[in-house]
Amino acid sequence: MDVSVRSGSIQNVDADAIVINLFQGVTEPGGATGAVDKALNGAIRDLIANGAIRGNLNQKVIVFPRGAIPAQRVIVVGLGPEEGFNLDAARQAAAAAARAARDAGARSLASVVHGGGRGGLSVADAAQAVVEGTVLGLYRYAAPGVIPREGFERQVDSLALVEFDSAKLPDVASGARVGQATANGSCLARDLANGPASVVTPTALAETAMRIAADYGMTCQVFDREQMAELKMGALLSVAQGASEPPKFIVLEHNPAGSDAPPFVLIGKGITFDSGGISIKPSENMEEMRADMSGAAAVLGAMQAIGAIGLPKRVVAILPATENMPSGTATHPGDIVTAMNGVTIEIISTDAEGRLILADALVYAQRYRPAAVVDVATLTGAIAVALGYYTTGVYATHDGLWEAIHAAGDGAGEPMWRMPLTPIYDRQITTPFADVKNTGGRPGSSVTAARFLAKFIGEHPWAHMDIAGTNWWEADLTYPKRPYYVRGNTGVGVRTLVGLLGAWNAD
Ligand code: BES
Ligand code: MN
Ligand code: ZN
């Protein structure tokens, strides 16, 4: 999408649709909405008086100006109550308005910056949220080789952010730029996770990483099975062992200043299909296990975004990628494998494979002497039992890192909740046969998975985000609908990671 920024009055802008807003309960609109209302001879005030426009969050009403102003359509979108208005409300309202515009046949959009400068929101952050909401709300997955469904030819292809106060223009422009980069990164993550396992293979993930490296001047290394063996990545290899599809260990480094400062390391679980292996999963919903690389997808999306933004910090992404398949060569339950740091692991379930591939990635990360390590993984079904599909569970060894993730998640509209990481739970993953076993039974099984990972970290702040509940959106029955989500992968993690990396300063 073409995103531009201009100063002026939105009622004078020529576009297929202009988007203005209304807080809940407002009867005498001011600002841009008031100016448009005036140009339309009070049409919006009439609609408010008739109860047709209430300003409830994401409510949208289309008004046809019939020549009174240059725009073909006016979309009035509700922002909800002014008290408690936040970035995610701006993001949601933008998405709702963009979809209404598309449904009405608009290709070009112009919008005000919802809530810019209000309620403590900075203009740049509000502009970022409006661009993110628009791009993410208009996202549709186009499966490779599949003829696009009817209606797919309709798409909004340009968005102009219109700001009356020209002094705010530089902030609107910088926010819009970050918003576009972040939203494009999220769409990349969605495409990768929605894509079939036969298409989005470990090789395809490596090619995506190399493409990002080429686009933004990063460096990329890809290790194959033999190189993993030389590195003694026995845990990762034990998962890859049953798969014919070649596994890849991908390292993508963003270092614009060529600095040797300790980097921020991101790790993403890249299981391109999780059948469970010999501990095979039930077939119901197994097709969703093509998205078991959502962590790797989120990290790639975040890397693309920081490349596009030109973030002046050193960031290293590590993506262990393989399928988890049953076969005659697959790991047996009861096998004992040795991770890169020499820790021996008894495999109780071959379906607890995410922690195995992350183990070797966490050990590998230590060679960078990282400032911090954050991994993102669809690690356990249990996190969705604990927190549902709305909140991501976070385990952290460092309060400051947790607080930074929490704050970034709030701004991003990706709620985070801290989970316990006390060593008390280690009893559940002890075994007489090895240093550790890869499952801890049903009680607290998201916690024991995190405790397993903790056996492979170094002396650096570390956080683990379990996105197995939040990576996928079907029908948001239990929570208010978020109009920037469509069925399939949500892209969760990308916006939080971009915000976190922007805010993080090693102490
Ligand atoms: N990829 C799954 C977790 C998952 C489940 C993600 C549902 C998304 C939706 C993971 O590899 C897994 O199978 N975990 C097991 C662990 C168990 C065997 C200890 C689980 O959660 O049941
Ligand atoms: Mn599994
Ligand atoms: Zn898995």
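Data overview
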{"read-out": "The range 58-73: number of residues that are touching a residue at least 40 places away in the same chain (Cβ under 8 Å), in contact with a helix residue (DSSP H, G or I) (Cβ under 6 Å, 6 or more places away or on another chain) and either open to solvent by less than 50 Å² (accessible area, probe 1.4 Å) or aromatic (Phe, Trp, Tyr) (or both)", "value": "2"}
{"read-out": "Tally of residues being surrounded by fewer than 23 Cβ atoms within 10 Å (Cβ to Cβ) and assigned to a loop (DSSP other than H, G, I, E, B) across the range 303-330", "value": "10"}
{"read-out": "Condition met for Thr350 (farther than 17 Å from Arg451 by Cβ, hydroxyl-bearing (Ser, Thr, Tyr) and within 16 Å of ligand 3 (Cβ to nearest atom))", "value": "yes"}
{"read-out": "Of residues in the range 364-379 being open to solvent by 20 Å² or more (accessible area, probe 1.4 Å) and not in a loop (DSSP other than H, G, I, E, B), the one nearest to ligand 2 (Cβ to nearest atom)", "value": "Gln366"}
{"read-out": "Residue list for the range 2-30, filter: hydrophobic (A, V, I, L, M, F, W, C) and within 23 Å of Gly175 (Cα to Cα)", "value": "Val3, Val5, Ile10, Val13, Ala15, Ala17, Ile18, Val19, Ile20, Leu22, Phe23"}
{"read-out": "Only one of Thr331, Thr322 that is within 24 Å of Val492 (Cβ to Cβ), assigned by TED's automatic domain parsing to the domain that holds Phe223 and within 16 Å of ligand 3 (Cβ to nearest atom)", "value": "Thr322"}
{"read-out": "Unique match (being over 27 Å from Glu132 (Cα atoms) and surrounded by fewer than 19 Cβ atoms within 10 Å (Cβ to Cβ)) among Glu253, Glu226, Glu207", "value": "Glu226"}
{"read-out": "Some residue of the range 215-223 being more than 16 Å from ligand 3 (Cβ to nearest atom), surrounded by fewer than 23 Cβ atoms within 10 Å (Cβ to Cβ) and either part of a helix (DSSP H, G or I) or free of Cβ contacts under 8 Å to residues at least 24 places away in the same chain (or both)", "value": "yes"}
{"read-out": "Residue satisfying all of: in the range 335-363; within 26 Å of Arg290 (Cα to Cα) and either open to solvent by 40 Å² or more (accessible area, probe 1.4 Å) or free of Cβ contacts under 8 Å to residues at least 40 places away in the same chain (or both); farthest from ligand 1 (Cβ to nearest atom) among these", "value": "Asp335"}
{"read-out": "Segments classed as helices (runs of 4 or more DSSP H), wholly inside the range 399-507, with at least 3 members that are open to solvent by 30 Å² or more (accessible area, probe 1.4 Å)", "value": "399-412, 494-503"}
{"read-out": "Selected residue [within 13 Å of ligand 1 (Cβ to nearest atom), among the polar types (S, T, N, Q), touching a Pro at 6+ places or on another chain (Cβ under 6 Å) and at pLDDT 95 or above] from Thr322, Thr378", "value": "Thr322"}
{"read-out": "Residue list for the range 459-475, filter: more than 20 Å from Leu362 (Cβ to Cβ) and either more than 16 Å from ligand 2 (Cβ to nearest atom) or of a type in the set (D, E, K, R) (or both)", "value": "Thr470, Trp473, Glu474, Ala475"}
{"read-out": "For Ser294: the one exception among (1) closer than 19 Å to Leu500 by Cβ; (2) within 10 Å of ligand 1 (Cβ to nearest atom); (3) of a type outside the set (A, V, I, L, M, F, W, C); (4) free of Cβ contacts under 8 Å to residues at least 60 places away in the same chain", "value": "(4)"}
{"read-out": "Any hit, the range 16-27, residues being of a type in the set (Ser, Thr, Tyr) and either touching a strand residue (DSSP E or B) at 6+ places or on another chain (Cβ under 8 Å) or part of a strand (DSSP E or B) (or both)", "value": "no"}
{"read-out": "Positions within the range 381-397 being more than 10 Å from Met416 (Cβ to Cβ), of a type outside the set (A, V, I, L, M) and open to solvent by less than 40 Å² (accessible area, probe 1.4 Å), in sequence order", "value": "Gly388, Tyr395"}
{"read-out": "Top-ranked residue in the range 248-293 [being in a strand (DSSP E or B) and small (Gly, Ala, Ser); ranked as farthest from ligand 3 (Cβ to nearest atom)]", "value": "Gly268"}
{"read-out": "Pairs, first more than 13 Å from Leu453 (Cβ to Cβ) and more than 16 Å from ligand 3 (Cβ to nearest atom) in the range 364-391, second of a type in the set (Lys, Arg) and at pLDDT 95 or above, C-beta under 7 Å, six or more apart", "value": "none"}
{"read-out": "Top-ranked residue in the range 276-296 [being in contact with an Asp or Glu (Cβ under 8 Å, 6 or more places away or on another chain) and on the phi < 0 side of the Ramachandran plot; ranked as most open to solvent (accessible area, probe 1.4 Å)]", "value": "Ile280"}
{"read-out": "Considering residues of the range 259-275 that are within 16 Å of ligand 1 (Cβ to nearest atom) and aliphatic (A, V, I, L, M) only, the residue farthest from Ala298 (Cα to Cα)", "value": "Ile271"}
{"read-out": "In the range 105-125, the residues that are open to solvent by 40 Å² or more (accessible area, probe 1.4 Å) and either under 11 Å from Arg73 (Cα atoms) or polar (S, T, N, Q) (or both)", "value": "Ser122"}
{"read-out": "Condition broken by Ile10, with the remaining ones in (1) under 18 Å from Ala160 (Cβ atoms); (2) open to solvent by 60 Å² or more (accessible area, probe 1.4 Å) satisfied", "value": "(2)"}
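The values are calculated or read from the model by the stated rules, or taken from the named source; none is laboratory data. Treat the numbers as computed from the prediction; the structure is a model and nothing was measured. Because the Cβ atoms are built from the backbone with ideal geometry, glycine has one as well, and the counts that use them run over all protein chains shown. Each accessible area value is taken on the protein alone, full model and side chains, heavy atoms only, with ligands, DNA and RNA left out. Shrake-Rupley method; radii C 1.70, N 1.55, O 1.52, S 1.80 Å.
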